[in-house]
């Protein structure tokens, strides 16, 4: 592996002069067309990334399959600009880009998840981390902030697009097994191929672990598939089928003292109430692409069904149905003799859910406490144009209009009528510039708006329904990416001025109080990703975040830090490849500063550093293996926390310990 493999480069063509002694007859070289119209190759995706005047990048599975590959934290831990930290070593995690959904440790928000450009989020904007299988991907695209506008995303965090293999590039057969500490076991198998004008790709996996902590068993079964049909040279349709079942025990949060004395214990209330988060999810989708001259018209339709059983402070029994359409047109027809790329799209999405609530009686449903019908709708119309003034200078302008509705019909009326019917409308603009001083280097700057209506997790996240305003922000960004000699980098500086940020509150015992709008907050920081060949056969990869997230002149909290994400965070690995295919090296995770767990900044989680080691054999075809140790110093540390308004410096049950020393091994066969 070299840095040159990680970024597409276009070398300038050599011109012929009158001094050339020999003239040959012209030869026309035509590149092979993309094997799939609906799913771009990674080379095509890299070219599109380079045209974006802002933070964006690609993650290859080969960069995380050198170790355990089970969760989004495994897959995105080294992705530039992404903070992802499991709350107890499982799929559920705090996942955030630029402080999006800063206080969520489960059922995320603030980021648009996509599969091959088709939305995965529920209609209200929430998403589940379990809806993706890291081993079943061709590559992952990360668009930070408004750099995701080309897919219709205008949330603060942007979008993550999980691109599946097709029959054209999937392994004919692949099998992988992983096992390790805390009862961890995973089995994965996949297949793919082409039959005439048809292609197919399918994968199935089963993963389970008892967990480092008491009452933290996880079990996930997943099936993903897609089937493509090339109807004509310029027309292809692809069908997707997803089925998964996720069962999770929830050990809950501990006090700081409890975490220090016995980090493996469960919260007493979580254990007594048998707290869990279980659900099956089924999803079907279709994407059809039609090439028209220099453009491609894409049409998508999708539907998902989810049945959530969630005993926590009360039992939540929620059945949801979400469906939507997506129409997108991309053309690269030159404009006034200059290279130009124009994208326009429309995404209508709808969802309904029946939210039933009961008293939690040791994990069973007792007396009813609530019943409500939830309805969500979103209509997003977006357009973006990239115009090349010169080969070195590109200007980008775009905007999105969003109209969203959140309607809740209270059908129980135990605490009076809790019904809500709110509509949110906003136009979010974007303007940017990209300068390419050399074929391998990009410098960029942009200004953009973001808009995020609340999910039902915010509206109904406490004992009562709370009417809320949408969260808005204006973001300023400058940065650079590229590679030079043995160094590849992705660097961005950003500042987001937010109004009505959606911030969650809990009681000292960890029970949710609901979400509020903070009048003015500011998120600013640095996103840095590095891949460097430090010496022959020695490769260093690192992802660093500087997170300065604060209130702005708040009447209660002044300019305090926002709780939830550490001020600095680093993940890194240094791998030595003594011979082709073989690797060994250390891994590091470092949070050097303490992190507040309350808005008043009176109680903190300590900083920490943990390290590990991985080794193995990686080959394109045939047999490969890995062995990986994590937290080899067996350090007790706090991976993430809950949040409260004011802890008054008193230790509270808001701390979620990270896993102790663990060892994992895997064996894989491909053909």
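Listed values, structure above:
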item	result
Complete set of residues in the range 292-330 that are crowded, with 17+ Cβ neighbours inside 10 Å and outside any strand (DSSP E or B)	312, 313, 314
Meets criteria (under 14 Å from residue 203 (Cα atoms), in contact with a strand residue (DSSP E or B) (Cβ under 8 Å, 6 or more places away or on another chain) and modelled with pLDDT under 95) for residue 163	no
Residue match in the range 362-374 (condition: under 24 Å from residue 446 (Cβ atoms), at pLDDT 95 or above and within 29 Å of the chain's Cα centre (by Cα))	no
Of all residues making up the range 257-266, the number that are in a helix (DSSP H, G or I), surrounded by fewer than 19 Cβ atoms within 10 Å (Cβ to Cβ) and touching a residue at least 60 places away in the same chain (Cβ under 8 Å)	3
Among the residues listed as 546, 538, the single one being more than 30 Å from residue 312 (Cβ to Cβ), in contact with a strand residue (DSSP E or B) (Cβ under 7 Å, 6 or more places away or on another chain) and without any contact (Cβ under 8 Å) to a residue 24 or more places away in the chain	546
Test result for residue 513, at pLDDT below 95, in contact with a helix residue (DSSP H, G or I) (Cβ under 7 Å, 6 or more places away or on another chain) and closer than 30 Å to residue 255 by Cβ	no
Residue selected from the range 608-623 under the condition closer than 16 Å to residue 172 by Cα and part of a strand (DSSP E or B), by the criterion modelled with the lowest pLDDT	622
Set 468, 487: member being more than 26 Å from residue 397 (Cα to Cα) and at pLDDT 95 or above	487
Selected residue (criterion: surrounded by the most Cβ atoms within 10 Å (Cβ to Cβ)) from residues of the range 640-656 that are in contact with a strand residue (DSSP E or B) (Cβ under 7 Å, 6 or more places away or on another chain) and either assigned to a strand (DSSP E or B) or on the phi > 0 side of the Ramachandran plot (or both)	641
Residue pairs meeting the criteria (Cβ under 9 Å; at least 6 apart or on separate chains; first at negative phi and in a loop (DSSP other than H, G, I, E, B), in the range 181-194; second modelled with pLDDT of 95 or more and crowded, with 16+ Cβ neighbours inside 10 Å)	181/209; 181/212; 181/630; 181/659; 181/660; 181/662; 181/663; 181/664
Count of the range 195-225 residues which are farther than 30 Å from residue 271 by Cα and in contact (Cβ under 8 Å) with a residue 60 or more places away in the chain	3
Residue under evaluation residue 171, criteria (1) out of contact with any helix residue (DSSP H, G or I) (no Cβ under 9 Å at 6 or more places or on another chain); (2) without any contact (Cβ under 8 Å) to a residue 60 or more places away in the chain; (3) outside any strand (DSSP E or B), criterion not met	(2)
Qualifying position, being touching a residue at least 60 places away in the same chain (Cβ under 8 Å), touching a strand residue (DSSP E or B) at 6+ places or on another chain (Cβ under 6 Å) and closer than 30 Å to residue 48 by Cβ, among 372, 380	380
Any hit, the range 628-639, residues being farther than 30 Å from residue 579 by Cα and outside any loop (DSSP other than H, G, I, E, B)	yes
Looking only at the range 61-85, and only at residues there that are within 14 Å of the chain's Cα centre (by Cα) and part of a loop (DSSP other than H, G, I, E, B), the one that is nearest to residue 101 (Cα to Cα)	81
Residue in the range 485-505 that is surrounded by 20 or more Cβ atoms within 10 Å (Cβ to Cβ) and more than 24 Å from the chain's Cα centre (by Cα) present	no
Some residue of the range 484-495 being over 19 Å from residue 50 (Cα atoms) and in a strand (DSSP E or B)	yes
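Yes/no matrix, rows are residues, columns are (1) surrounded by fewer than 24 Cβ atoms within 10 Å (Cβ to Cβ); (2) out of contact with any helix residue (DSSP H, G or I) (no Cβ under 7 Å at 6 or more places or on another chain):
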| residue | (1), (2) |
| --- | --- |
| 92 | no, no |
| 100 | no, yes |
| 111 | no, yes |
| 124 | no, no |
| 129 | yes, no |
| 134 | yes, no |
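The values are calculated or read from the model by the stated rules, or taken from the named source; none is laboratory data. Small disclaimer: the values here were computed from a predicted structure and weren't measured. Note: ideal-geometry Cβ built from the backbone for every residue, glycine included; neighbour counts use all protein chains shown.
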